[in-house]
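Enquirer: Below you will find the structure I want to go over with you.
Coordinate-derived values only; no laboratory data. Every value quoted in this text rests on a predicted model; they were computed, and no experiment measured them. Positions of Cβ are generated from backbone atoms using ideal geometry, with glycine treated the same way; all protein chains shown enter the neighbour counts.
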């Protein structure tokens, strides 16, 4: 069982620009390759058929958009706490996450602001492979509760 | 399989015909369900009980399990696995599944960029539909294919109350396989043209 407290609240007041979100790491073994197809239901051959991937000019199969979104989204929902709400999530798939790699999903707070009564935190997000460096940089905006009653609540 | 030789490809005509076109108005085959959310979470090692445990979710801010923002909503707004395939009983009517029907020289697709905006929670039991439009089409070379085509789509997701719950802007790259590039180059060699 995980000892991580998923249900704790994270308050906007307690977040500062530059805060690091350590995230988590996954090793892309055969089981992970199968899980990405199972979880995403993305049957595109380029994500599970090595021959097809190589015929397409790729070095090997690479992990799909559903998995990539899942990894980066999990960093945010792990961090945002029970009442946090991910408003925006965007990323560029500049490099490929391939079998055998160890991939870390993590984030860094790039700013915080109040907008129309919403308490928002902006983050830079990353998938970083030990084989290929930062494969997937992105940005996200998360709405958090505030300690003061009335402002920034959903 | 697309077999348009790059010399025969008219990107201006494609842009005129396809930009702004409504491509899909898919309705989800099933309502939003617990187990696909579980499988998604387990794909990335997410053990968050707010997404996995209905009892925990009941006392949370949304009153029930919601779809995590990390899960593609196309899962619940479509007919089954993507791309459509005979094995799932959803064989496409045309072969341009990666290009959304937009003509392209190549038939191999790679997703390049994704931008989501999440507006309303999507709860277990909701019924989703989507509307997908072509926002832009352009050519930009990559190392594999100097005639690669980039297609930007914009998709809005609606719930059963017809409220927009999320928006998705996506950039897909369509390229030729090395074999296709060689075949096209062979035609050029025969005609003296350059692709």
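Enquirer: Which whole-number value in Å³ per residue fits the convex hull of the alpha carbons of chain B?
Expert: In chain B, the Cα convex hull volume per residue is 131 Å³.
Enquirer: Can you give the average number of partner chain beta-carbon atoms within 10 Å of each beta-carbon in peptide A:47-59, as a whole number?
Expert: Partner-chain Cβ atoms within 10 Å, mean over residues of A:47-59: 3.
Enquirer: Suppose each label sits 7 Å from its Cα in the direction of the beta carbon; what would the residue B:86-residue B:127 distance come out to in nanometres?
Expert: Output for this residue pair reads 3.2 nm.
Enquirer: Now a separate question. Treat each spin label as a single point 7 Å out from the Cα along the C-beta direction, and report the residue B:35 to residue A:147 distance in nm.
Expert: Going by the 7 Å Cα→Cβ label model, 4.6 nm.
Enquirer: What is the calculated FRET efficiency for residue A:45 to residue B:24, with r their C-beta to C-beta distance and R₀ = 22 Å, to the nearest 0.05?
Expert: 0.55
Enquirer: What list do you get for B:12, B:184, B:53 if you sort them by fewest beta carbons within 10 Å?
Expert: Fewest-to-most ranking of B:12, B:184, B:53: B:12, B:53, B:184.
Enquirer: Distances longer than 27 Å among the Cα atoms of the protein assembly as shown: what percent of all pairs is that?
Expert: 48 percent
Enquirer: Now a separate question. If you average the C-alpha positions of segment A:1-30 and of segment B:29-60 separately, how far apart do those two centres end up, in angstrom?
Expert: Each part's Cα centre sits 18 Å from the other's.
Enquirer: So what's the angle, to the nearest 10 degrees on a 0 to 90 scale, between helix B:178-191 and the longest Cα principal axis of chain B?
Expert: 20 degrees
Enquirer: Tell me the angle of helix A:30-40 to the major Cα principal axis of chain A, expressed in degrees between 0 and 90 and rounded to the nearest ten.
Expert: Long axis of A:30-40 versus the principal axis of chain A: about 60 degrees.
Enquirer: Something else now. Shape call for segment A:1-142 from the C-alpha gyration tensor, a ≥ b ≥ c root eigenvalues: rounded (a/c under 1.5), prolate (a/b greater than b/c) or oblate?
Expert: Prolate.
Enquirer: Determine the distance separating the Cα centre of segment A:39-74 from the Cα centre of segment B:125-159; give it in Å without decimals.
Expert: Measuring centre to centre over Cα atoms gives 17 Å.
Enquirer: While we're here: Can you give the FRET efficiency to the nearest 0.05 for residue B:3 and residue B:167, using r as the Cβ-Cβ distance and R₀ = 56 Å?
Expert: 0.95
Enquirer: Using a 10 Å cut-off around each Cβ of peptide A:60-71, what is the average number of partner chain Cβ atoms that fall inside?
Expert: 5
Enquirer: Here's another thing I want to ask about it. From the helices alone, meaning DSSP H stretches of at least four residues, give me the mean residue ellipticity at 222 nm for chain A, per-run term -39500 (n - 2.57), in deg cm²/dmol to the nearest 500.
Expert: Helices in chain A give a 222 nm mean residue ellipticity of -6500 deg cm²/dmol.
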